[in-house]
Amino acid sequence: QVQLVESGGGLVQAGGSLRLSCTASRSIFDFNTMGWYLQAPGKQRELVAYITRSGWRSYADSVKGRFAISRDNAKNTVNLEMSNLKPDDTAVYYCNAKANLADYWGQGTQVTVSS
């Protein structure tokens, strides 16, 4: 079993920045991709960004140029740097790890952006 623990959420004003971190209970090299998803109230969970084992990154169109995903292999951690935040970014953010036969999720961290 794998545990993913998120941290770094909170309340921020529009235009501000936050950094989310996700620490895995084992080596993140075990996973094909590490990523972040968001779920706003009443909506489906959607992909924000992911990073592959080799470091290739992909972003949702809505966050390109504002968010940056990175990985620290030594600390088994994936980070999401969020800048120029907008009220529409308000959601619960979930860390995700994808292996060949399994999909793991963190418990989520709330991000609230006030206008």
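The values are calculated or read from the model by the stated rules, or taken from the named source; none is laboratory data. Computed from a predicted model, the values in this text were never measured in an experiment. Note: ideal-geometry Cβ built from the backbone for every residue, glycine included; neighbour counts use all protein chains shown. Side chains are part of the model used for accessible areas, which takes the heavy atoms of the whole protein and leaves out ligands, DNA and RNA. Shrake-Rupley method; radii C 1.70, N 1.55, O 1.52, S 1.80 Å.
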Query raised in the report: So which chymotrypsin sites (Phe, Trp or Tyr not before Pro) in the stretch 1-66 are both in a DSSP loop and have at most 15 other Cβ atoms within 10 Å of their Cβ?
Result: W56
Query raised in the report: Can you give me the pair-distance distribution of the chain, C-alpha pairs, 5 Å bins, whole percents?
Result: 2, 13, 25, 26, 19, 10, 4, 1, 0
Query raised in the report: Expressed as cubic angstrom per residue, what is the convex hull volume of the alpha carbon set of the stretch 54-115?
Result: 114
Report summary line: Expected unfolding gain across F29-K86 under the 0.36 nm per residue rule, minus the alpha-carbon gap, is 17.3 nm
Report summary line: Once phi for every residue in the stretch 14-20 is put through the Karplus expression 6.51 cos²θ - 1.76 cosθ + 1.60 (θ = phi - 60°), the whole-Hz ³J(HN,Hα) values, with Gly and Pro written as x, are 3, x, x, 10, 9, 10, 9
Query - Average accessible area per residue (Å²) across the chain - probe 1.4 Å, nucleic acids and ligands excluded - result: 53
Query raised in the report: Fully extended, how many nm does the chain gain between K64 and L101 (0.36 nm per residue separation, minus their Cα-Cα distance)?
Result: 10.4 nm
Query raised in the report: What is the distance in Å between the Cα centres of the stretch 13-68 and the stretch 87-108?
Result: 8
Query raised in the report: Share of the stretch 12-115's accessible area from carbon and sulfur, percent, 1.4 Å?
Result: 48
